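Encoded as C-alpha coordinates, the structure appears first; notes follow it.
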Amino acid sequence: MRRMRHRLMLIAALLAIVTTQSAFACRPFGSYDFVEDAQGNVWFTEQDSNAVSRMASDGSVTAYPIPTPNAEPYSLALDGKGNLWFSERRAGKLGRVAPDGTITEYALPIEGAQPFALLSQGSALWFTTGPLRRTVVRMDMEGKFTEMPAPHGWPSSISAADDGALWVTLLQPGETMAQAQGYLARLDRAGQWKIVEQRGAGSCPNNVHIGGDGALWLSDRCRGAIERRDAQERTVSFPYPEGLVQNAALDHDGNFWFVDSTRNNLIGRMSPGGRLDTWPLPGNNGGPFAVAALRNGDVIFSEMYNYNINRFMRGVFEEYLVAVDHRKQIREVEEGEICRLEYAAVIADKMALERERVEALKTAGFKAAPGQELVSGRCLTCHDATRILRARKSDWSYTIELMQAQITMRGLPALTDEERRTVIGYLNRYYNTTN
Ligand code: HEC
(Lines give C-alpha, C1' and ligand atoms only; values in the text may rest on other atoms or scores of the structure.)
Protein backbone atom coordinates (compact mmCIF):
# COMPACT_ATOMS: atom_id res chain seq x y z
CA MET A 1 0.00 0.00 0.00
CA ARG A 2 2.71 2.36 1.05
CA ARG A 3 4.76 1.44 -1.99
CA MET A 4 1.79 2.08 -4.21
CA ARG A 5 1.37 5.51 -2.71
CA HIS A 6 5.00 6.31 -3.33
CA ARG A 7 4.67 5.24 -6.89
CA LEU A 8 1.65 7.47 -7.35
CA MET A 9 3.52 10.35 -5.84
CA LEU A 10 6.42 9.73 -8.18
CA ILE A 11 4.10 9.72 -11.17
CA ALA A 12 2.48 12.93 -9.92
CA ALA A 13 5.90 14.54 -9.52
CA LEU A 14 6.96 13.49 -13.04
CA LEU A 15 3.73 14.80 -14.47
CA ALA A 16 4.30 18.06 -12.64
CA ILE A 17 7.71 18.33 -14.26
CA VAL A 18 6.51 17.72 -17.78
CA THR A 19 3.55 20.06 -17.49
CA THR A 20 5.70 22.93 -16.23
CA GLN A 21 7.24 25.02 -18.97
CA SER A 22 10.13 27.17 -18.03
CA ALA A 23 10.91 29.72 -20.66
CA PHE A 24 11.99 33.23 -21.30
CA ALA A 25 8.87 33.82 -23.22
CA CYS A 26 7.03 36.69 -24.77
CA ARG A 27 3.62 35.16 -24.43
CA PRO A 28 0.10 36.37 -24.65
CA PHE A 29 -2.21 36.24 -21.71
CA GLY A 30 -4.93 38.43 -20.28
CA SER A 31 -4.26 38.90 -16.63
CA TYR A 32 -6.89 39.58 -14.00
CA ASP A 33 -4.72 39.41 -10.90
CA PHE A 34 -1.18 39.61 -9.54
CA VAL A 35 0.37 38.46 -6.31
CA GLU A 36 3.97 38.82 -5.13
CA ASP A 37 5.51 35.88 -3.27
CA ALA A 38 8.10 35.88 -0.48
CA GLN A 39 10.96 35.64 -3.01
CA GLY A 40 9.73 38.66 -4.96
CA ASN A 41 8.37 36.67 -7.91
CA VAL A 42 5.18 37.99 -9.41
CA TRP A 43 2.42 35.47 -10.13
CA PHE A 44 -0.25 36.32 -12.65
CA THR A 45 -3.25 34.69 -14.28
CA GLU A 46 -3.32 34.01 -18.02
CA GLN A 47 -6.94 33.76 -18.99
CA ASP A 48 -6.45 33.22 -22.71
CA SER A 49 -3.55 30.77 -22.33
CA ASN A 50 -5.27 28.95 -19.45
CA ALA A 51 -2.37 29.06 -17.02
CA VAL A 52 -1.07 30.64 -13.87
CA SER A 53 2.45 31.91 -14.30
CA ARG A 54 5.32 33.27 -12.33
CA MET A 55 7.64 36.04 -13.43
CA ALA A 56 11.02 36.25 -11.73
CA SER A 57 12.75 39.58 -11.22
CA ASP A 58 14.90 39.01 -14.34
CA GLY A 59 11.73 38.81 -16.43
CA SER A 60 11.80 35.06 -17.00
CA VAL A 61 8.41 33.39 -16.89
CA THR A 62 7.40 29.92 -15.76
CA ALA A 63 3.91 28.89 -16.81
CA TYR A 64 1.82 26.30 -15.00
CA PRO A 65 -0.85 25.17 -17.46
CA ILE A 66 -4.19 24.44 -15.82
CA PRO A 67 -5.36 20.83 -16.35
CA THR A 68 -9.02 21.82 -16.91
CA PRO A 69 -9.42 23.43 -20.36
CA ASN A 70 -10.83 26.97 -20.55
CA ALA A 71 -10.89 27.24 -16.77
CA GLU A 72 -10.72 31.06 -16.78
CA PRO A 73 -8.29 31.65 -13.92
CA TYR A 74 -9.34 34.83 -12.20
CA SER A 75 -7.94 35.56 -8.77
CA LEU A 76 -4.77 34.59 -6.86
CA ALA A 77 -3.83 34.14 -3.20
CA LEU A 78 -0.74 32.88 -1.39
CA ASP A 79 -1.15 30.95 1.82
CA GLY A 80 1.34 30.87 4.70
CA LYS A 81 2.89 27.64 3.40
CA GLY A 82 4.01 28.98 0.06
CA ASN A 83 1.12 27.50 -1.92
CA LEU A 84 -0.30 29.63 -4.66
CA TRP A 85 -4.08 29.32 -4.88
CA PHE A 86 -6.18 30.41 -7.82
CA SER A 87 -9.86 30.54 -8.64
CA GLU A 88 -11.15 29.04 -11.87
CA ARG A 89 -14.10 31.21 -12.63
CA ARG A 90 -15.59 29.18 -15.39
CA ALA A 91 -14.59 25.68 -14.29
CA GLY A 92 -16.01 26.24 -10.79
CA LYS A 93 -12.82 24.99 -9.14
CA LEU A 94 -10.03 26.16 -6.91
CA GLY A 95 -6.50 25.29 -7.93
CA ARG A 96 -3.24 25.13 -6.02
CA VAL A 97 0.37 25.27 -7.15
CA ALA A 98 2.47 23.74 -4.37
CA PRO A 99 6.02 25.00 -3.77
CA ASP A 100 7.33 21.99 -5.73
CA GLY A 101 5.24 23.03 -8.74
CA THR A 102 2.56 20.34 -8.43
CA ILE A 103 -0.89 21.51 -9.49
CA THR A 104 -4.00 20.22 -7.75
CA GLU A 105 -7.55 21.25 -8.58
CA TYR A 106 -10.52 21.10 -6.22
CA ALA A 107 -14.01 21.04 -7.66
CA LEU A 108 -16.33 23.09 -5.47
CA PRO A 109 -19.07 21.09 -3.82
CA ILE A 110 -21.42 23.99 -4.46
CA GLU A 111 -23.56 23.74 -7.53
CA GLY A 112 -23.17 26.59 -10.00
CA ALA A 113 -20.57 28.41 -7.90
CA GLN A 114 -18.08 30.36 -10.00
CA PRO A 115 -15.26 31.38 -7.69
CA PHE A 116 -14.34 34.96 -8.19
CA ALA A 117 -12.27 37.08 -5.79
CA LEU A 118 -10.06 34.87 -3.64
CA LEU A 119 -8.02 35.57 -0.54
CA SER A 120 -6.12 33.63 2.05
CA GLN A 121 -6.34 34.44 5.72
CA GLY A 122 -4.69 32.44 8.49
CA SER A 123 -5.54 28.85 7.72
CA ALA A 124 -8.59 29.58 5.59
CA LEU A 125 -9.43 30.66 2.07
CA TRP A 126 -12.32 32.96 1.29
CA PHE A 127 -13.88 33.54 -2.09
CA THR A 128 -16.90 35.23 -3.59
CA THR A 129 -19.22 33.54 -6.07
CA GLY A 130 -20.25 36.43 -8.31
CA PRO A 131 -23.50 38.22 -9.05
CA LEU A 132 -25.65 35.17 -9.78
CA ARG A 133 -24.97 33.14 -6.66
CA ARG A 134 -24.30 36.16 -4.37
CA THR A 135 -22.45 34.42 -1.57
CA VAL A 136 -19.09 34.32 0.19
CA VAL A 137 -17.52 30.92 0.83
CA ARG A 138 -14.94 30.00 3.44
CA MET A 139 -12.80 26.91 2.96
CA ASP A 140 -10.89 25.73 6.01
CA MET A 141 -7.81 23.54 5.90
CA GLU A 142 -9.84 20.40 6.54
CA GLY A 143 -11.42 21.12 3.17
CA LYS A 144 -14.77 22.11 4.70
CA PHE A 145 -16.73 24.71 2.71
CA THR A 146 -19.13 27.10 4.43
CA GLU A 147 -21.27 29.26 2.19
CA MET A 148 -22.73 32.51 3.47
CA PRO A 149 -25.40 34.27 1.38
CA ALA A 150 -25.01 38.07 1.15
CA PRO A 151 -27.74 39.94 3.03
CA HIS A 152 -28.03 42.49 0.19
CA GLY A 153 -26.96 42.48 -3.46
CA TRP A 154 -23.73 40.67 -4.25
CA PRO A 155 -20.18 40.90 -2.86
CA SER A 156 -18.22 43.16 -5.24
CA SER A 157 -14.92 42.99 -3.31
CA ILE A 158 -13.37 41.46 -0.18
CA SER A 159 -10.39 42.17 2.06
CA ALA A 160 -9.06 40.40 5.17
CA ALA A 161 -9.49 42.06 8.57
CA ASP A 162 -6.77 41.39 11.15
CA ASP A 163 -9.16 39.58 13.54
CA GLY A 164 -9.96 36.79 11.10
CA ALA A 165 -13.12 38.42 9.79
CA LEU A 166 -13.65 39.70 6.27
CA TRP A 167 -14.53 43.16 4.97
CA VAL A 168 -16.99 43.01 2.10
CA THR A 169 -18.47 45.63 -0.20
CA LEU A 170 -21.97 44.72 -1.33
CA LEU A 171 -23.58 46.02 -4.45
CA GLN A 172 -27.24 45.93 -5.38
CA PRO A 173 -27.22 47.19 -8.97
CA GLY A 174 -30.07 49.39 -10.13
CA GLU A 175 -31.32 50.54 -13.52
CA THR A 176 -29.11 53.62 -13.17
CA MET A 177 -26.11 54.60 -11.06
CA ALA A 178 -28.41 56.71 -8.91
CA GLN A 179 -30.45 53.60 -8.08
CA ALA A 180 -27.53 51.33 -7.24
CA GLN A 181 -27.37 50.56 -3.51
CA GLY A 182 -24.12 50.02 -1.67
CA TYR A 183 -23.12 48.52 1.68
CA LEU A 184 -19.92 48.06 3.62
CA ALA A 185 -20.12 44.90 5.70
CA ARG A 186 -18.10 42.57 7.88
CA LEU A 187 -18.45 38.84 7.81
CA ASP A 188 -17.02 36.84 10.69
CA ARG A 189 -15.70 33.32 10.61
CA ALA A 190 -18.96 31.94 11.99
CA GLY A 191 -20.83 33.42 9.05
CA GLN A 192 -22.43 36.36 10.87
CA TRP A 193 -22.89 39.46 8.71
CA LYS A 194 -22.76 42.93 10.17
CA ILE A 195 -23.66 45.92 7.99
CA VAL A 196 -21.13 48.55 9.04
CA GLU A 197 -22.37 51.21 6.68
CA GLN A 198 -25.59 51.37 4.76
CA ARG A 199 -24.45 53.66 1.98
CA GLY A 200 -27.87 54.11 0.45
CA ALA A 201 -28.85 54.79 -3.15
CA GLY A 202 -26.28 56.15 -5.60
CA SER A 203 -23.48 54.00 -4.25
CA CYS A 204 -21.56 51.13 -5.85
CA PRO A 205 -18.57 50.37 -3.61
CA ASN A 206 -15.74 48.22 -4.90
CA ASN A 207 -12.01 47.56 -4.45
CA VAL A 208 -11.97 47.37 -0.66
CA HIS A 209 -8.42 47.15 0.74
CA ILE A 210 -7.00 47.23 4.26
CA GLY A 211 -3.58 48.83 4.63
CA GLY A 212 -0.79 48.04 7.05
CA ASP A 213 -1.85 51.17 8.99
CA GLY A 214 -5.33 49.68 9.52
CA ALA A 215 -6.99 52.13 7.13
CA LEU A 216 -9.74 50.81 4.90
CA TRP A 217 -9.96 52.12 1.35
CA LEU A 218 -12.64 51.65 -1.25
CA SER A 219 -13.70 53.18 -4.54
CA ASP A 220 -17.24 54.23 -5.34
CA ARG A 221 -17.86 55.08 -8.95
CA CYS A 222 -21.51 56.01 -8.36
CA ARG A 223 -20.43 58.60 -5.79
CA GLY A 224 -17.44 59.67 -7.90
CA ALA A 225 -15.13 59.09 -4.96
CA ILE A 226 -12.26 57.17 -3.43
CA GLU A 227 -12.74 56.81 0.32
CA ARG A 228 -10.43 56.19 3.23
CA ARG A 229 -11.65 55.13 6.64
CA ASP A 230 -8.88 55.28 9.21
CA ALA A 231 -8.34 52.90 12.14
CA GLN A 232 -10.43 55.28 14.32
CA GLU A 233 -13.28 54.80 11.83
CA ARG A 234 -13.19 58.38 10.52
CA THR A 235 -14.05 58.39 6.84
CA VAL A 236 -12.75 60.90 4.34
CA SER A 237 -14.10 60.96 0.81
CA PHE A 238 -11.70 62.13 -1.91
CA PRO A 239 -13.45 63.21 -5.10
CA TYR A 240 -12.65 61.21 -8.23
CA PRO A 241 -15.54 62.31 -10.40
CA GLU A 242 -14.52 61.54 -13.98
CA GLY A 243 -13.19 58.03 -13.95
CA LEU A 244 -13.68 54.49 -12.85
CA VAL A 245 -11.28 52.66 -10.57
CA GLN A 246 -10.98 49.37 -12.39
CA ASN A 247 -8.60 47.75 -9.92
CA ALA A 248 -6.55 49.00 -6.97
CA ALA A 249 -3.70 48.08 -4.63
CA LEU A 250 -2.10 49.64 -1.53
CA ASP A 251 1.64 50.21 -1.27
CA HIS A 252 3.60 50.05 1.99
CA ASP A 253 3.30 53.82 2.49
CA GLY A 254 -0.47 53.48 2.52
CA ASN A 255 -1.03 55.02 -0.92
CA PHE A 256 -3.99 53.75 -2.93
CA TRP A 257 -2.79 52.92 -6.45
CA PHE A 258 -5.36 52.33 -9.13
CA VAL A 259 -5.85 51.89 -12.84
CA ASP A 260 -8.63 53.52 -14.76
CA SER A 261 -9.67 51.93 -18.02
CA THR A 262 -12.46 54.27 -19.01
CA ARG A 263 -11.59 56.97 -21.51
CA ASN A 264 -8.92 58.12 -19.07
CA ASN A 265 -6.60 55.09 -19.40
CA LEU A 266 -4.28 56.09 -16.63
CA ILE A 267 -2.51 54.89 -13.57
CA GLY A 268 -3.23 56.92 -10.44
CA ARG A 269 -2.18 57.27 -6.84
CA MET A 270 -4.23 58.74 -4.01
CA SER A 271 -2.17 59.48 -0.90
CA PRO A 272 -3.59 58.99 2.61
CA GLY A 273 -3.92 62.77 2.79
CA GLY A 274 -5.95 62.91 -0.44
CA ARG A 275 -3.30 64.06 -2.90
CA LEU A 276 -4.05 62.67 -6.35
CA ASP A 277 -1.33 62.01 -8.95
CA THR A 278 -2.14 60.50 -12.31
CA TRP A 279 -0.03 59.29 -15.21
CA PRO A 280 -1.70 58.89 -18.59
CA LEU A 281 -0.62 55.72 -20.37
CA PRO A 282 1.47 56.01 -23.49
CA GLY A 283 -0.28 54.54 -26.50
CA ASN A 284 -3.51 54.93 -24.59
CA ASN A 285 -5.11 51.90 -26.16
CA GLY A 286 -4.55 48.96 -23.89
CA GLY A 287 -7.18 49.34 -21.20
CA PRO A 288 -5.24 48.95 -17.93
CA PHE A 289 -6.73 46.19 -15.93
CA ALA A 290 -5.11 44.56 -12.87
CA VAL A 291 -2.62 46.42 -10.68
CA ALA A 292 -0.22 45.46 -7.87
CA ALA A 293 2.20 47.42 -5.70
CA LEU A 294 5.41 45.45 -5.15
CA ARG A 295 7.56 45.56 -2.04
CA ASN A 296 10.40 47.31 -3.88
CA GLY A 297 8.09 50.23 -4.68
CA ASP A 298 7.41 49.31 -8.31
CA VAL A 299 3.84 49.17 -9.48
CA ILE A 300 2.86 46.70 -12.19
CA PHE A 301 -0.30 46.50 -14.23
CA SER A 302 -1.84 44.46 -17.02
CA GLU A 303 -3.88 45.68 -19.94
CA MET A 304 -6.96 44.20 -21.52
CA TYR A 305 -5.73 44.32 -25.10
CA ASN A 306 -1.97 44.28 -24.83
CA TYR A 307 -1.10 40.96 -23.36
CA ASN A 308 1.80 42.09 -21.29
CA ILE A 309 2.97 43.21 -17.89
CA ASN A 310 3.87 46.85 -17.49
CA ARG A 311 6.12 48.09 -14.77
CA PHE A 312 5.96 51.63 -13.48
CA MET A 313 8.95 52.61 -11.41
CA ARG A 314 9.85 56.06 -10.21
CA GLY A 315 7.68 57.62 -12.89
CA VAL A 316 9.10 55.56 -15.79
CA PHE A 317 7.18 52.89 -17.70
CA GLU A 318 8.63 49.62 -18.87
CA GLU A 319 6.79 46.88 -20.64
CA TYR A 320 7.37 43.16 -20.17
CA LEU A 321 6.08 40.45 -22.45
CA VAL A 322 5.27 41.92 -25.79
CA ALA A 323 1.73 41.66 -27.01
CA VAL A 324 0.89 39.24 -29.76
CA ASP A 325 -2.42 37.83 -30.84
CA HIS A 326 -2.24 34.20 -29.77
CA ARG A 327 -4.53 33.04 -32.54
CA LYS A 328 -2.08 34.27 -35.15
CA GLN A 329 1.37 33.79 -33.74
CA ILE A 330 3.32 33.25 -30.60
CA ARG A 331 6.54 35.14 -30.72
CA GLU A 332 9.29 32.67 -29.97
CA VAL A 333 12.26 34.08 -28.18
CA GLU A 334 15.90 33.11 -28.21
CA GLU A 335 17.02 31.10 -25.22
CA GLY A 336 17.97 33.48 -22.44
CA GLU A 337 16.43 36.56 -23.95
CA ILE A 338 14.71 38.63 -21.35
CA CYS A 339 11.52 39.87 -22.78
CA ARG A 340 11.65 43.36 -21.46
CA LEU A 341 11.53 46.55 -23.44
CA GLU A 342 11.55 50.22 -22.67
CA TYR A 343 7.99 51.39 -22.95
CA ALA A 344 8.65 54.10 -25.50
CA ALA A 345 10.18 51.55 -27.85
CA VAL A 346 7.07 49.39 -27.99
CA ILE A 347 4.54 52.07 -28.72
CA ALA A 348 4.94 51.28 -32.41
CA ASP A 349 4.13 47.64 -31.61
CA LYS A 350 1.11 48.70 -29.64
CA MET A 351 -0.08 50.77 -32.55
CA ALA A 352 0.38 47.82 -34.90
CA LEU A 353 -1.67 45.72 -32.52
CA GLU A 354 -4.34 48.38 -32.47
CA ARG A 355 -4.51 48.33 -36.26
CA GLU A 356 -4.81 44.55 -36.21
CA ARG A 357 -7.56 44.83 -33.67
CA VAL A 358 -9.52 47.31 -35.76
CA GLU A 359 -9.04 45.05 -38.79
CA ALA A 360 -10.24 42.02 -36.83
CA LEU A 361 -13.32 43.95 -35.86
CA LYS A 362 -14.09 44.83 -39.44
CA THR A 363 -13.70 41.32 -40.74
CA ALA A 364 -14.61 39.08 -37.79
CA GLY A 365 -17.93 40.59 -36.80
CA PHE A 366 -20.75 38.74 -35.12
CA LYS A 367 -22.81 36.06 -36.78
CA ALA A 368 -25.64 37.66 -38.76
CA ALA A 369 -28.79 36.48 -36.99
CA PRO A 370 -31.53 38.00 -34.87
CA GLY A 371 -29.90 39.55 -31.79
CA GLN A 372 -26.70 40.58 -33.60
CA GLU A 373 -27.56 44.26 -33.67
CA LEU A 374 -28.43 44.32 -30.02
CA VAL A 375 -25.16 42.62 -29.09
CA SER A 376 -23.12 44.96 -31.31
CA GLY A 377 -25.00 47.96 -30.00
CA ARG A 378 -24.80 47.17 -26.31
CA CYS A 379 -21.62 45.14 -25.88
CA LEU A 380 -19.01 47.18 -27.73
CA THR A 381 -19.18 50.31 -25.60
CA CYS A 382 -16.41 49.25 -23.25
CA HIS A 383 -14.47 46.57 -25.06
CA ASP A 384 -14.27 45.39 -28.62
CA ALA A 385 -15.67 42.26 -30.25
CA THR A 386 -12.46 40.24 -29.95
CA ARG A 387 -13.07 39.92 -26.22
CA ILE A 388 -16.45 38.36 -26.95
CA LEU A 389 -15.58 36.42 -30.10
CA ARG A 390 -12.77 34.71 -28.23
CA ALA A 391 -14.94 33.67 -25.31
CA ARG A 392 -16.94 30.47 -25.38
CA LYS A 393 -19.48 29.71 -22.67
CA SER A 394 -21.90 26.89 -22.07
CA ASP A 395 -24.20 29.53 -20.61
CA TRP A 396 -23.74 33.26 -20.99
CA SER A 397 -26.14 34.27 -18.19
CA TYR A 398 -23.34 34.63 -15.72
CA THR A 399 -21.17 36.86 -17.92
CA ILE A 400 -24.16 39.00 -18.84
CA GLU A 401 -24.95 39.49 -15.15
CA LEU A 402 -21.36 40.61 -14.62
CA MET A 403 -21.61 42.98 -17.56
CA GLN A 404 -24.87 44.34 -16.17
CA ALA A 405 -22.93 45.35 -13.06
CA GLN A 406 -20.19 46.94 -15.21
CA ILE A 407 -22.87 48.78 -17.18
CA THR A 408 -24.48 50.10 -13.99
CA MET A 409 -21.14 51.23 -12.61
CA ARG A 410 -20.38 53.16 -15.76
CA GLY A 411 -23.72 54.91 -15.68
CA LEU A 412 -25.02 53.38 -18.92
CA PRO A 413 -28.64 52.23 -19.25
CA ALA A 414 -29.01 48.66 -17.95
CA LEU A 415 -30.17 45.87 -20.26
CA THR A 416 -33.90 45.31 -19.86
CA ASP A 417 -35.12 41.79 -19.11
CA GLU A 418 -36.05 41.33 -22.73
CA GLU A 419 -32.71 42.60 -24.01
CA ARG A 420 -30.98 40.33 -21.54
CA ARG A 421 -32.91 37.32 -22.82
CA THR A 422 -32.13 38.21 -26.44
CA VAL A 423 -28.41 38.71 -25.81
CA ILE A 424 -28.08 35.52 -23.77
CA GLY A 425 -30.08 33.52 -26.33
CA TYR A 426 -28.00 34.82 -29.23
CA LEU A 427 -24.66 34.21 -27.54
CA ASN A 428 -25.67 30.79 -26.20
CA ARG A 429 -26.61 29.78 -29.70
CA TYR A 430 -23.66 31.06 -31.71
CA TYR A 431 -20.84 31.41 -29.17
CA ASN A 432 -21.19 28.30 -27.04
CA THR A 433 -18.54 25.76 -26.12
CA THR A 434 -19.28 23.55 -29.12
CA ASN A 435 -18.82 26.07 -31.90
C1 HEC B 1 -19.90 49.09 -19.25
C2 HEC B 1 -18.79 48.45 -19.87
C3 HEC B 1 -19.05 47.07 -20.45
C4 HEC B 1 -20.06 46.69 -21.30
C5 HEC B 1 -21.17 47.55 -21.90
C6 HEC B 1 -19.85 45.28 -21.56
N7 HEC B 1 -18.74 44.85 -20.91
FE8 HEC B 1 -17.93 42.98 -21.04
N9 HEC B 1 -16.42 43.54 -19.77
C10 HEC B 1 -16.30 44.76 -19.16
C11 HEC B 1 -15.20 44.71 -18.22
C12 HEC B 1 -14.72 45.86 -17.33
C13 HEC B 1 -14.67 43.40 -18.30
C14 HEC B 1 -13.54 42.80 -17.48
C15 HEC B 1 -14.02 42.39 -16.11
C16 HEC B 1 -14.55 41.00 -16.01
O17 HEC B 1 -14.10 40.10 -16.72
O18 HEC B 1 -15.44 40.79 -15.18
C19 HEC B 1 -15.45 42.71 -19.28
C20 HEC B 1 -15.20 41.40 -19.66
C21 HEC B 1 -15.93 40.71 -20.60
C22 HEC B 1 -15.62 39.38 -21.04
C23 HEC B 1 -14.43 38.56 -20.59
C24 HEC B 1 -14.74 37.89 -19.28
C25 HEC B 1 -15.53 36.64 -19.48
O26 HEC B 1 -16.52 36.43 -18.73
O27 HEC B 1 -15.18 35.85 -20.38
C28 HEC B 1 -16.60 39.02 -21.93
C29 HEC B 1 -16.71 37.72 -22.67
C30 HEC B 1 -17.51 40.14 -22.04
N31 HEC B 1 -17.07 41.16 -21.24
C32 HEC B 1 -18.65 40.14 -22.83
C33 HEC B 1 -19.56 41.19 -22.90
C34 HEC B 1 -20.84 41.13 -23.59
C35 HEC B 1 -21.38 39.93 -24.31
C36 HEC B 1 -21.41 42.36 -23.45
C37 HEC B 1 -22.78 42.82 -23.94
C38 HEC B 1 -23.91 42.37 -23.17
C39 HEC B 1 -20.49 43.19 -22.66
N40 HEC B 1 -19.39 42.44 -22.35
C41 HEC B 1 -20.71 44.52 -22.35
C42 HEC B 1 -17.08 45.88 -19.40
C43 HEC B 1 -18.21 45.90 -20.22
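Brief remarks follow.
- Within the accessible area of segment 70-135, the carbon and sulfur atoms contribute 45%, probe 1.4 Å, all protein chains present.
- Less than 5 angstrom separates the built amide H of residue 225 from those of 220, 240, all sequence-distant by 5 or more or on a different chain.
- Summarising the amide proton neighbourhood of residue 380: residues at separation of 5 or more, or on other chains, whose placed amide H is nearer than 5 Å comprise an empty set.
- Carbon/sulfur fraction of accessible area - segment 365-430, other protein chains in place, 1.4 Å, %: 51
- The residue 56 and residue 252 beta-carbon pair, evaluated with R₀ = 22 Å, returns a calculated FRET efficiency of approximately 0.55.
- Other residues within the sphere of radius under 13 Å centred on the Cβ of residue 146, judged by their own Cβ, net out at -1 (K and R +1, D and E -1).
- Across segment 148-159, rounded Karplus estimates of 3J(HN,Hα) from the backbone phi angles (6.51 cos²θ - 1.76 cosθ + 1.60, θ = phi - 60°) give 10, x, 5, x, 9, x, 9, x, 8, 7, 9, 8 Hz, Gly and Pro being marked x.
- For peptides 410-416, 71-77, 367-373, sequence by mean Cβ density within 10 Å, most packed first: 71-77, 410-416, 367-373
- Mean Cβ count within 10 Å, highest first, over the residues of peptides 421-433, 149-161: 149-161, 421-433
- Over 18 Å apart at the Cα level, from the set 93/194; 367/393; 93/393, are 93/194.
- Protection proxy ranking of 207-216, 234-243, by the mean of other Cβ atoms within 10 Å over each peptide's residues and highest first, is 207-216, 234-243.
- For segment 158-211, carbon and sulfur atoms together expose 42% of the accessible surface, with a 1.4 angstrom probe and every protein chain in place.
- Computed over protein heavy atoms with a 1.4 angstrom probe, the accessible surface ordering of 37, 251, 417, 100, largest first, is 100, 417, 251, 37.
The values are calculated or read from the model by the stated rules, or taken from the named source; none is laboratory data. Since the structure is predicted, the reported quantities are computational estimates derived from the model, not experimental observations. For neighbour counting, all protein chains shown are included, and Cβ atoms are generated from backbone atoms with ideal geometry for every residue, glycine included. When the accessible area is computed, the model is the full protein with side chains, heavy atoms only, and any ligands, DNA or RNA have been set aside. Shrake-Rupley method; radii C 1.70, N 1.55, O 1.52, S 1.80 Å.
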